[in-house]
Structures are given as structure tokens and as C-alpha cells.
1. T109 accessible area, nearest 10 Å², 1.4 Å probe?
2. Looking at the chain, which Cys residues are left with no other cysteine's beta carbon under 4.7 Å from theirs?
3. Mind ranking 214-220, 3-9 by how tightly packed they are, going by the mean number of other C-beta atoms within 10 angstrom, highest first?
4. Once the piece of chain linking A335 and L169 is laid out straight, how much longer is it, given 0.36 nm per residue of separation minus the C-alpha distance between them?
5. At 1.567 mPa s and 4 °C, plugging the Kirkwood radius over alpha-carbon pairs of the chain into Stokes-Einstein gives what diffusion coefficient in µm²/s?
6. Send over the semi-axes of region 230-386's equivalent ellipsoid, whole angstrom and largest first, taken as the square roots of 5 times the C-alpha gyration tensor eigenvalues.
7. Please list, ordered by chain and number, the residues whose modelled amide H lies under 5 Å from the amide H of E223; skip anything fewer than 5 residues away on the same chain.
8. Could you rank the peptides 23-32, 318-327 by their average count of other C-beta atoms within 10 Å per residue, with the highest value first?
Amino acid sequence: MPKKLLVLGGGTGGLIISKEVREIAGPGEVEITLIDKKDRTDFRPSYLYVAFGYRKPEQVSVPLEYVKRHGVNFVKAEVKAIDPANRKVKTTAGEFTYDALVVALGAETVDTGFPHTWELEPSLKVAEVLPQIRQGHVVIGVYSMPYRCPPAPIELAMLTHFYYLTRGLRDKVKITVVHPMKRPFENFGPMAAKWMSGFLQQLGVEYIGVGQNPAIKALGKNELETATGEKIKFDAAFIVPPHKAPDPVLNSDLAKNGWAAPRSPANGDFRSEKYDDVYVIGDVAAPNVPVGMAGTILHSYSPWVVSNLLADLLGVSLGKPPFRIVGTCALDVGAYGMAAACDFTPFVKKLKPYPDCMFLPPSPVTRMFKEMFEKIYFNWLLGVVP
Ligand SMILES: Cc1cc2nc3c(=O)[nH]c(=O)nc-3n(C[C@H](O)[C@H](O)[C@H](O)COP(=O)(O)OP(=O)(O)OC[C@H]3O[C@@H](n4cnc5c(N)ncnc54)[C@H](O)[C@@H]3O)c2cc1C
């Protein structure tokens with residue numbers, strides 16, 4: 001009888017683990033079932049491209065049915081409860097048991113009613129709002145941390161800058177970022193913060209660092225109030241919504257401090273704190289690693305998850321993969337791109353106060369890299385280019 005691997009979540013984490021396990025273990029050894037409440041999976045970084053009209057929604061999302069190409073079963077169902085003590089998962093399609101469970105349910109966004117680029121539908125609303133503003137004040141507000149892809153609000157600001165610049169309206173539209181961090185990119189270290197502050201100044205983008213989390217106390221139709229009491233009027237606001245762990249995780253004993261808790265990420269162990277047969281990976285666990293919510297980060301540690309999973313399920317040893325927790329974020333600035341590549345390993349091991357980051361300065365090649373990454377992502381994970 002094959003061992004049962006149950007994967008919750010068909011986003012970046014669930015897809016990487018399903019594919020990488022299947023590359024080593026055949027269906028006769030491990031039966032893999034992936035569950036997601038949606039029947040499509042998105043390349044989230046391209047929500048920005050949807051907002052600015054570079055992509056249609058169907059170009060940044062593909063059917064999850066494609067996992068069947070890798071010999072992985074797909075069930076469209078909402079996970080309602082996880083009961084690790086009894087190795088059971090309750091879903092809208094019934095109850096599932098497992099020999100090993102991977103929880104990759106990501107982070108959930110809480111709707112504030114404002115458009116943003118952290119989900120697909122609200123990105124289409126950004127696309128509607130942008131042309132309506134021909135003069136005035138556009139605010140990009142980060143409600144609270146953590147949220148998916150820490151540099152993405154800055155990318156949204158830079159693309160907004162480019163949007164109005166190319167329409168000859170930039171001098172009529174003021175752009176402000178409101179953020180919990182006092183300085184942009186502060187979490188990447190003082191040099192990064194200095195560099196990004198200078199770059200935003202050069203673009204004429206105002207940055208209001210509130211220095212409190214949550215940064216926003218109240219949100220009105222045309223005004224927001226920061227946690228420090230500053231009132232900011234706007235003609236349009238794109239608000240990065242608060243993020244939370246999905247309820248089935250919060251209501252189980254897999255959670256600590258509001259997020260799933262991996263056992264010892266500094267040593268490559270992403271088993272849950274309490275259960276040997278449950279792995280918690282990706283955004284749902286990121287704050288407890290602690291790293292930013294980024295698909296590239298979870299890809300960097302996936303060999304450890306796969307190696308431990310196969311040892312648990314089949315008793316085979318793949319040896320110890322090299323251990324590096326790294327993340328890359330390619331930012332589109334309009335005509336060109338920039339990239340940040342960070343090694344979080346010394347930070348996660350508490351050897352350094354910041355990750356080691358390298359920045360690729362603005363260049364058209366970096367923008368091409370971002371576009372290529374989008375195509376490679378689906379092709380690599382699901383064998384399809386939308
Ligand atoms: C604008 C933007 C730009 C980004 N840019 C970058 C970048 O440049 N580099 C980078 O590394 N990362 C980037 N990211 C972050 C990256 O997309 C995420 O970190 C990554 O998708 C996390 O993968 P995950 O598997 O943990 O969660 P997700 O990909 O969010 O997948 C979670 C899955 O679980 C499913 N799910 C949730 N709850 C349930 C339930 N109860 N039942 C069933 N299914 C459920 C969801 O439908 C979803 O499919 C960006 C994100 C955004 C929004």
C-alpha cells in the first residue's frame with residue numbers, strides 16, 4: 001500500500017512539495033492528494049501586472065487540475081478543521097486521513113473594501129481606479145504587518161509613479177506610501193533603507209513611516225488616520241489589507257502567536273512543533289520562522305521538507321541538502337526593473353540582526369527577469385504557460 005501524503009493548499013508551497021516529492025517517489029510508494037478551496041492557482045506577483053493592464057486575469061492563473069500531470073490527485077474543497085492528534089482533516093468534500101500532512105494554506109487577507117494588489121479581484125479594481133484619477137492624491141497604505149511580499153507596496157508605488165508619468169500627469173498626482181516601518185526596506189538593514197529612501201525621493205514618492213503596527217487606525221472614504229493620529233486625505237487609496245492565518249490553522253494546536261509554528265526552522269526542520277507527521281510551510285508559518293512571506297523563500301527550504309518527508313514516509317535518506325533560506329523579489333519600476341536578493345540564513349539562526357541583502361540596481365534586464373520568472377513558474381510547476 002502506498003503511503004498517504006495530504007497537501008493542504010494549492011499555492012506555491014503545496015505545488016512545490018507535491019512536485020518535488022513526486023519526482024522522487026512514484027505513485028506506488030506515495031499517494032499524493034492536494035486540496036484547495038479554489039480550482040485555479042495564481043502567480044501572485046503578477047497581480048500588479050493585472051492592476052496596470054499588462055496582463056488579463058487568465059494570464060496569471062491556471063487550473064489546479066494540471067497537478068494530475070504529475071500523478072497528484074486534486075480535490076476542490078474547503079478545509080474546515082485539522083485534527084492532527086487523530087490524523088484527520090475535515091473538508092467540504094468529506095474527511096481525509098494521512099500518513100503525512102503538509103499545511104501550506106498561506107495567509108488570508110481581511111477585506112477593508114479598498115482596492116489593492118494582494119488578491120486577483122481587488123487588482124481589477126485598482127485597474128478601474130487608476131484612470132479615474134487625473135489629479136489629486138493617491139495613497140498606498142499598508143494596514144499592518146506581516147503581509148505577502150514585504151517590498152511589494154513599494155513596487156505598487158513605483159508602478160503608480162510610472163503610470164502617471166507616462167500619461168503626462170505625474171506633476172498633478174501626488175503619491176504617498178503609508179507604512180508601519182519608519183523607513184522603507186528597514187527590515188533589510190540600514191543600508192537598504194537608506195538606498196530605498198533616496199530612490200523614492202528621486203521619484204517624488206512621499207513615504208510616511210508610522211513606526212507602529214498596525215499603522216492605520218481608521219479608514220474613511222477619503223481620509224485615513226494613522227496609529228499616531230496623523231490624518232491623511234486622499235482621492236484614491238490602495239490599501240494592503242491585514243493578513244491572518246486561515247481559521248482551520250488558528251483553531252488547531254498547530255498555531256502559535258497567530259501563525260503555524262514550525263519546530264526548528266534554523267535547523268531546517270519544518271515539522272510542526274507538536275506533531276512529527278505534520279509539516280507547516282510557506283506564508284502560514286513565515287512569521288514564526290521568522291522570514292517575510294515570499295514564495296522564493298519557501299522554495300529555498302523545500303529540499304529539507306522533501307528530504308524529511310521521504311525519510312518519514314519511506315525510510316529513505318536523501319542526505320542533508322545544503323541549508324540556505326534565501327528570497328528574491330524582482331520589482332517592476334515601469335520601463336525597468338530592480339531586484340532584491342536576501343540570504344536570511346544568518347538572520348534565522350540569530351547570528352545577524354538583518355538578512356544579507358544584495359540589490360540589483362534599475363535595469364531593463366531585471367524587468368525581463370521578472371517577466372521570465374512568471375512564465376517559468378507555471379511551466380516548472382504545472383507544465384503549462386498561460
Ligand atoms: C503583489 C505580490 C507580489 C509578490 N511578489 C513576490 C516576489 O517577487 N517574490 C516572492 O518570493 N514572493 C512574492 N510574493 C509572495 C508569494 O506569492 C507568496 O509568498 C506565496 O504565494 C506563498 O505561498 P503559500 O503556498 O504559502 O501560500 P499561497 O500561495 O497563498 O497558497 C495558499 C493556498 O491555500 C488555499 N487555501 C487557503 N485556505 C484554504 C482552506 N480553508 N481550504 C482550502 N484551501 C485553502 C488558497 O486558496 C491558496 O491556493 C508576492 C505576493 C504578492 C501578493
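The values are calculated or read from the model by the stated rules, or taken from the named source; none is laboratory data. Here the structure is a predicted model, which is why all the values come from computation and not from measurement. Don't worry about glycine lacking a Cβ; one is built from the backbone with ideal geometry, like all the others, and counts go over all protein chains shown. Calculation scope for accessible area: heavy atoms of the full protein, side chains included, ligands and nucleic acids excluded. Shrake-Rupley method; radii C 1.70, N 1.55, O 1.52, S 1.80 Å.
1. 40 Å²
2. Within the chain, the cysteines lacking a partner Cβ under 4.7 Å are C149, C329.
3. On the way: 214-220: 16.3, 3-9: 24.4.
Listed from highest to lowest mean packing, they are 3-9, 214-220.
4. Numbers: separation 166, 0.36 × 166 = 59.76 nm, distance 1.67 nm.
58.1 nm is the gain from fully extending A335 to L169.
5. Details: Rh = 21.6 Å.
Answer, rounded: 60 µm²/s.
6. Working: eigenvalues 179, 100, 58 Å².
Computed over region 230-386, the values are 30, 22, 17 Å.
7. Correct list: F234.
8. Numbers: 23-32: 15.9, 318-327: 14.3.
Sorting 23-32, 318-327 by mean packing, highest first, produces 23-32, 318-327.
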